[in-house]
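Here's the structure we're looking at; comments come further down.
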Amino acid sequence: MDKVEIAVKTGDPLTSTAEGLVMGVWDDGRMAQDFRKRLDGVLQGEVSRILDNGEFKGASNDVLFLPTMGKLPVRYVILAGLGSSEKTTPELIRRLSGTVARAARSRNISSLISTLVANDLGESEDVSEAIVEGTLLSLYRFDQYKSADKEKKEKGKKTGAITRDFGSLHLFSSRDSEKKVRKGIEWARAIVRGTYLARDLGNHPANVATPSMIAQTASAECEKRGIRFVSYDREKLEEMGLGALVGVAKGSMEPARLIQLEYRPSKAANTKPVLLVGKTLTFDSGGISLKPAEKMETMKGDMSGGAAVLGTMMAIADLGIPLWVVGLMPATENMPSGTANKPGDVLRAFNGKTIEVINTDAEGRLILADALSWGVKKFDPALVIDLATLTGAVTVALGAHAIGVLGNNQKRMEEVLEIGNRVGERGWQLPLFEEYFEQIKSPIADIQNVGGRGGGTITAAAFLSHFVDEKPWVHLDIAGTAWVESDEPYKPKGNVGIGIRLLTHYFGMLAEDKGLRKHEKREIRKK
Ligand code: BES
Ligand code: MN
Ligand code: ZN
């Protein structure tokens, strides 16, 4: 994706050169500026004919390729439906740009000019970011295990024909918005880079994306960016007292890891870090409480929380966001074996709490319990955020269109929800009432790892709250949003790389957050 050339153009889009010129059309037939009139002038009224005949209605995500027959420098004018002007959001532009890019690629068109910024869709920064993200994220492919495709590609190179990689995207902008458009592009680039990596990690089979492979990948990406990298192995974890993580790992032959990433720019706004923890379960068989065979292969994606941590750290470092962030990725498989945890076993987490393992398939909360409590103790964070493909129940509650948001700090949760609305990774809050805590009481230990029938997402969060030492904390259950079963405009079937756009923007906001700074100062003075 770094090979795709992306540039801002401030001239006249109708005299610019590319294969396709993308023009937004509202569902009432309007186009930005005087584009419709001018296109009609050059193309002998064809655009108006198409719109008046209802061949193209401008409905959201509609796309029509209109050949220009040599009458314009571009080979096609691509009409792109914006839908109703009252309802358009950057997220719809992201989807539309994805649809356009994929349609272009399927026609072997590899250079586009987008004029969508010109439609006054809101902040040009958000819109240009959405155009670039929609385009690049939609073009993502995971085909490295397809030998046939590899051959085709090589052949294509030899003959100079067939499958071309996407080449360039130029964004048309007014001179006034140019700076904002550039900033949007820069953010999109960084976010997409992190998201591509996260998708790759999630799409690789679990025999490749092992805890050690993920540690190696993280180490390489950290080295490029001056992020401090530490990886703790099993022996060390035992010594550190991370009994819950070690407990889950002991059923597996793959060595477990706790991966620690620390980004501390010299201009960091905060005097205490933000702690970001992601469930990095590289394969979840369920353990002795074995899962049914159907769809078990999707459990290679149970590391999506950790992948989002890595992708976000990459993005904020690339953008130079002045915020001190520590990322933790507890990484292991969950397997059944003679050495595995058994239902009824009791584990002791880092903070000393004992956990009765009623169901070995509720393993995510076990590894998070250790990573959270160890991270809180070691780094004394101002804010804790965790992401995890934690419960099937969140899909029952919210389906595939919202992240489950829970926590102990209403202000921080609302900030996350608001940013999610803005960037198109929406969340929905679920309650964490006292009563839910009753469900995870154990007859023999401090707590148990499952809470019975009702409110599975909530009791999982209630469990985690025992390990954040009452620090401000936001939990994101991404089990419903981490992968898609079929292609969506900018989400090809497979791992979505969810959470990186949300967190990168949230950290951008926190870096400017006076509240976070003031709060810190007050605490320092107290000491
Ligand atoms: N990794 C799963 C959650 C999951 C399920 C993610 C489906 C994506 C799709 C998690 O470890 C798990 O197995 N949770 C159990 C908890 C239960 C045993 C209390 C679940 O949701 O069934
Ligand atoms: Mn599980
Ligand atoms: Zn799991």
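The values are calculated or read from the model by the stated rules, or taken from the named source; none is laboratory data. Bear in mind the structure is a predicted one, so any value in this text is a computation, not a measurement. Heads up, the Cβs are rebuilt from the backbone with ideal geometry, glycines too, and the neighbour counts pull from every protein chain shown. Heavy atoms of the whole protein, side chains included, go into the accessibility calculation; ligands, DNA and RNA do not. Shrake-Rupley method; radii C 1.70, N 1.55, O 1.52, S 1.80 Å.
Some points to look at:
- For His401, solvent-accessible area (1.4 Å; no DNA, RNA or ligand), Å²: 140 Å²
- For the range 17-139: accessible area per residue (Å², 1.4 Å): 38 Å²
- In the range 389-469, the chymotrypsin sites (Phe, Trp or Tyr not before Pro) that fall in loop regions by DSSP, at most 15 other Cβ within 10 Å: Phe433
- Along the axis of the charge dipole computed for the chain (Cβ charges of +1 for Lys and Arg, -1 for Asp and Glu, origin at the Cα centre), the listed residues Val325, Gln44, Ala198 are led at the positive end by Gln44.
- The charge dipole of the chain, taken about the Cα centre with unit charges on the Cβ atoms of Lys, Arg (+1) and Asp, Glu (-1), comes to about 1240 debye, rounded to the nearest 20.
- Additional length obtainable on full extension of the chain from Asp233 to Ser85, 0.36 nm per residue less Cα span: 47.8 nm
- For peptides 215-225, 120-130, sequence by mean Cβ density within 10 Å, most packed first: 120-130, 215-225
- Rolling a 1.4 Å probe over the protein heavy atoms of the chain, with every protein chain left in place, gives an accessible area that is 50 percent carbon and sulfur.
- Relative contact order (percent, whole number), the range 362-481, Cα cutoff 8 Å, 6+ residue spacing: 45 percent
- Straight-distance crosslink candidates among aspartates and glutamates, where the alpha carbon sits under 19 Å from Lys493 and sequence neighbours closer than 8 are dropped: Glu91, Glu133, Asp143, Asp149, Asp200, Glu294, Glu297, Asp302, Glu425, Glu485
- Estimated 222 nm signal from helices in the chain, with DSSP H stretches of n ≥ 4 weighted -39500 (n - 2.57), rounded to 500: -12500 deg cm²/dmol
- Efficiency of FRET from Cβ geometry, Ser168 and Lys267, R₀ 35 Å, rounded to 0.05: 0.55
- Difference of contour (0.36 nm per residue) and Cα-Cα distance, Ala293 to Glu418: 41.2 nm
- In a DSSP loop and with at most 11 other Cβ atoms within 10 Å, the trypsin sites (Lys or Arg not before Pro) in the range 70-112 are Lys87.
- In the complete set of protein chains, residue-level accessible area for Asp200 is approximately 50 Å², probe 1.4 angstrom.
- At full extension, Trp428 and Ser106 could sit 112.3 nm farther apart than now, given 0.36 nm per residue minus the alpha carbon distance.
- Solvent exposure of Phe229, expressed as accessible area, is near 60 Å², computed with a probe of 1.4 Å over the protein chains only.
- Antiparallel %, DSSP beta bridges [both residues in the chain], to 5: 40 percent
- When only Cα pairs below 8 angstrom with a gap of at least 6 residues are kept, the chain shows a relative contact order of 14 percent.
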